[in-house]
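Student: Quick one: this structure, given as structure tokens, is what I'll be asking you about.
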Amino acid sequence: MAVSRKVMILDDNLLDVMEVEKYLHTGGYDVVHLSSPNGAISKIEYEKPEILLLDIKMPRLNVSDLIATLRAASDLEELVIVLFSDMDAERLQQFCMDNDINGYFCKSMDVRQIAEFLNNFYEY
């Protein structure tokens, strides 16, 4: 029996969330999502996902504060943060390098591959 893996999606575009959620479920992931950055830290601490899929272009999201808080929380030090955005890959890659982010998945990429992509963040 495979161990259940939990992903939290923080994105305000519900159509994107629903599509990604479908492929993550098929890939064996439990999925929780937030459509607003309000209370995100509390929700993350409560749900304890292994991976956070984060749209950094959400309204009212101070992404720098959120990432700094997550990276400073000792109980979240294992959290994998993956950007999930419609920004171009070059900008996302630079943002990842500048902000201690584990990786990115562009919304323009084939979303059917997302579970397989996220599997790369687990040690076997």
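Just so it is clear, none of the values below were taken in a lab; they were calculated from the coordinates. Remember, it's a predicted structure, so these values are computed and weren't measured experimentally. As a convention, Cβ positions derive from the backbone with ideal geometry for all residues, glycine included, and neighbour counts pool all protein chains shown.
Student: Please identify the pairs in which a residue from region 48-77 that is farther than 20 Å from residue 20 by Cβ and in contact (Cβ under 8 Å) with a residue 12 or more places away in the chain has its Cβ atom under 6 Å from the Cβ atom of a residue that is part of a loop (DSSP other than H, G, I, E, B) and among the charged types (D, E, K, R), counting only partners at least 6 apart or on another chain.
Tutor: These pairs meet every condition: 71/100.
Student: Do the conditions hold for residue 80, that is, is it under 14 Å from residue 8 (Cα atoms), touching a His at 6+ places or on another chain (Cβ under 9 Å) and β-branched (Val, Ile, Thr)? I'd like the intermediate steps shown before the answer.
Tutor: Numbers: under 14 Å from residue 8 (Cα atoms): yes; touching a His at 6+ places or on another chain (Cβ under 9 Å): no; β-branched (Val, Ile, Thr): yes.
It is false that residue 80 is under 14 Å from residue 8 (Cα atoms), touching a His at 6+ places or on another chain (Cβ under 9 Å) and β-branched (Val, Ile, Thr).
Student: For residue 14, only one of the following conditions fails: (1) in contact with a His (Cβ under 9 Å, 6 or more places away or on another chain); (2) closer than 17 Å to residue 63 by Cα. What is its number?
Tutor: For residue 14, the exception is condition (2).
Student: Which ones in region 93-108 are assigned to a helix (DSSP H, G or I) and touching a Leu at 6+ places or on another chain (Cβ under 8 Å)? Steps first, please.
Tutor: Step one: filter region 93-108 for residues assigned to a helix (DSSP H, G or I), giving 93-98.
Of everything in region 93-108, those that are assigned to a helix (DSSP H, G or I) and touching a Leu at 6+ places or on another chain (Cβ under 8 Å) turn out to be 95, 96.
Student: Say whether the condition of being touching a residue at least 60 places away in the same chain (Cβ under 8 Å), within 22 Å of residue 119 (Cβ to Cβ) and in contact with a Phe, Trp or Tyr (Cβ under 9 Å, 6 or more places away or on another chain) is met by at least one residue in region 84-96.
Tutor: yes
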